[in-house]
Structures are given as C-alpha cells and as structure tokens.
1. Quick check: anything in region 132-139 loosely packed, with under 15 Cβ neighbours inside 10 Å, assigned to a helix (DSSP H, G or I) and modelled with pLDDT of 95 or more?
2. Conditions first: (1) assigned to a helix (DSSP H, G or I); (2) within 26 Å of GLU29 (Cα to Cα); (3) of a type outside the set (D, E, K, R). LEU78 passes all but one, so which condition is the exception?
3. Within region 146-164, which residues are within 16 Å of GLU105 (Cα to Cα) and either more than 19 Å from the chain's Cα centre (by Cα) or at pLDDT below 95 (or both)?
4. For ARG126, are the conditions met, namely being among the charged types (D, E, K, R), in contact (Cβ under 8 Å) with a residue 24 or more places away in the chain and within 22 Å of CYS55 (Cβ to Cβ)?
5. If the Cβ limit is 6 Å and pairs must be 6+ apart or interchain, which residue in region 109-120 that is without any contact (Cβ under 8 Å) to a residue 24 or more places away in the chain pairs with which residue that is in a helix (DSSP H, G or I)?
6. Which of the residues that make up region 39-75 are farther than 13 Å from ILE26 by Cα, free of Cβ contacts under 8 Å to residues at least 12 places away in the same chain and over 19 Å from the mean Cα position of the chain (by Cα)?
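The values are calculated or read from the model by the stated rules, or taken from the named source; none is laboratory data. Nothing here was measured: the structure is a model prediction, and the numbers come from that model. Here the Cβ positions follow ideal geometry from the backbone for every residue, glycine too, while neighbour counts run over all protein chains shown.
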Amino acid sequence: MKPIVKPVSLETVLTRSASGWYFLHISPEIARRFETDGKTRRVVCTLNESHTFQCALMPNKGRFTIGVSQPVRKKLDLNDGDMVTVQLEPDKSRYGMPMPEDFAEVLRQDQEGDRLFHGLTSGMQRSLLYLIANPKDIDKRIHLGLIVLEHLKDNGGKIDVEQLHEDIKRPLF
C-alpha cells in the first residue's frame, strides 16, 4: 500500500526554455513523493494561491517540470524569471482531468463506445477528454464525443490521430 502523500508547498522560478515553453522546476525528491505506479506523477497544482489545474510532473534532465501555458501566465501576470508559489497535492481523480458531463452521458448511452474509450491508455483518455471539453458550446462537445466514439468503433478501439482530425471536420450524419 502506497503511503498517503501530504500536500507540498514550494517556491520556484518560472523559466522560459530555448524552444519557447515555460516551466516550473520541481526537485526529484518532491516529484518522487507523487509517484503512483513508478512513473506517473499526476498532481493538482495551485499557482500563487489563485489558479488550480491538474497536470503531470514531467521528467526533464534529472529534474521535473510543470508546463505553464500562455493563458495561465497571462491570467496570473507571470513572466520569465518570476518567483511562483506552488502547492502540489496528489491527483486522485479517475482521469487526471475533469470528465465533461455531456460526454459522460454519451458514454452511459453507448456501452460499446464506453468499453472502447476505457480500453485506451489513461494518457489517450486525457487527450480525448481535453479535445471534447474544449468547445464552450454543449452541442459541439456532444458532437465531438459522438465522433470520437464512432472513430473508436471504426478503428477497432484505436485512435488514428490524422484520421480523427479528418473525422472531426466531417458532419457526423
């Protein structure tokens, strides 16, 4: 049985990489506290006590990082070199991100689609949930959910990323 991990607070500097991505560096000692299966380090991260999101502590040259997107940097007025207060706690959610209610309903109504979706890796499930949750319009989210499930059925439970993008461009019916 894995020991209970207590939330961790730290301060770290926001760093812009040569490729233009922005990261917060987390020590290996802290990151390893959050390992769930020897490699996965899913956490709930709160920056400057005001913005909370689910993410992974990603290995990077002997350290670990959390990517900070442009919308989050803008919302918190963060720039390269800024000191950031970070609170980390284990992500105990099933998917590592919220399940859109409308997609949960689509899955409840489609047993085969539900079986195929849950047969995917947890990383692929998160990617699809992100894709489906992105539109603000509920009809578009439902439409995307239906397209994803039809794609899974047509491809034997596998995702062909290029084909899925083409499927999304076409009407469902």
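1. The answer is no, given that none of the residues of region 132-139 is loosely packed, with under 15 Cβ neighbours inside 10 Å, assigned to a helix (DSSP H, G or I) and modelled with pLDDT of 95 or more.
2. Of (1) assigned to a helix (DSSP H, G or I); (2) within 26 Å of GLU29 (Cα to Cα); (3) of a type outside the set (D, E, K, R), only one is false for LEU78: (1).
3. Within region 146-164, LEU146, ILE147, LEU149, GLU150 qualify.
4. Taking the combined requirement at face value, the residue satisfies it.
5. Close Cβ pairs (under 6 Å, with a partner that is in a helix (DSSP H, G or I)) amount to ASP114/LEU107.
6. LYS74
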